Amino acid sequence: MKVKNVIFLLTILIFLGLIGYIVLKNNQLENYHSNITRNIQNDLVQLESAIDYEIKNKWKNENTVLEKVEDIKEDIDLLMDYGKRTGELTNQQEQNLSTLRRIFSDLPDYSGFPNTVLTETEKKEFEKLITNLRAAGVGMNITYEISWNYLSKAINTLASNYYANGEL
């Protein structure tokens, strides 16, 4: 009788330990997903600010804008890869991220060299982008919430502005 009680108690403890481990891992995955989402939103805000600064300063350091675009692309790719591997990404989130990636894939790439010079056409593209980012509710003193729902609405607005203007 005593051995059965000990085995039963050990089984319950192992079961509770496994449940605790699963809950902890699930929370870690959700936190990582949230952090990457927050990074994308922060990078979008910083991009809006960088474009605004460069416009006001006659594009004296255009590389900061290109670096922010590269950061956004990397964050999107990271979240898509992570989300696919873990199953944390819904179909809607994947579609939103693909749309955002498409928007940014048409922008000039950062070459890694600090002497990149944007053409007038590329500068105009960034000027359209800042207008569309602001219309989507993304930017310094504009963005009010950091969440997937807010980012999703911003992506949809940004995409509809681009598609409506025939830019994609």
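The values are calculated or read from the model by the stated rules, or taken from the named source; none is laboratory data. The model shown is predicted, which means the values in this text are computed figures rather than measured ones. Cβ: placed from backbone, ideal geometry, glycine included. Neighbour counts: every protein chain shown. For the accessible areas, the whole protein counts, side chains as well, though only heavy atoms, and no ligand, DNA or RNA atoms are used. Shrake-Rupley method; radii C 1.70, N 1.55, O 1.52, S 1.80 Å.
Leaving out ligands, DNA and RNA but keeping every protein chain, what accessible area does residue 142 have, in Å² rounded to the nearest 10, with a 1.4 Å probe?
Its accessible surface works out to 40 Å², give or take rounding.
What ranking of 6, 117, 45, 69 comes out by heavy-atom accessible area, probe 1.4 Å, highest first?
Reading off the accessible areas and sorting them downward yields 117, 6, 45, 69.
Of the candidates 134, 102, 85, which one comes out as most mobile in a Gaussian network treatment of the chain with C-alpha springs shorter than 10 Å?
Result: 85 has the largest fluctuation of those listed.
Given a 1.4 Å probe and every protein chain left where it sits, what share in percent of the accessible area of the chain is carbon and sulfur?
The value for the chain is 56 percent carbon and sulfur by accessible area.
Which value in deg cm²/dmol, rounded to the nearest 500, describes the helix-derived mean residue ellipticity at 222 nm for the chain, given -39,500 (n - 2.57) per DSSP H run of n ≥ 4 and division by the residue count?
-27000 deg cm²/dmol
Once you've got the Cα coordinates, tell me which of 84/124; 124/153; 68/124; 84/123; 128/153; 84/153 are over 28 Å apart.
Working: 84/124 35 Å; 124/153 25 Å; 68/124 17 Å; 84/123 34 Å; 128/153 19 Å; 84/153 21 Å.
Long pairs (Cα-Cα over 28 Å): 84/124; 84/123.
Could you report the chain's accessible area per residue, 1.4 Å probe, as an integer in Å²?
Here the residues of the chain average 61 Å² of exposed surface.
How far apart, in nanometres, would the label points at residue 78 and residue 142 be if each is projected 7 angstrom from Cα along the Cα-to-Cβ direction?
Going from the residue 78 label point to the residue 142 one covers 2.4 nm.
According to a simple spin-label model (label point 7 Å from Cα along Cα-to-Cβ), what is the distance in nm between residue 38 and residue 16?
3.2 nm
If each of residue 4 and residue 106 carries a label point 7 Å out from its Cα toward its Cβ, how far apart are those two points in nm?
Going from the residue 4 label point to the residue 106 one covers 7.3 nm.
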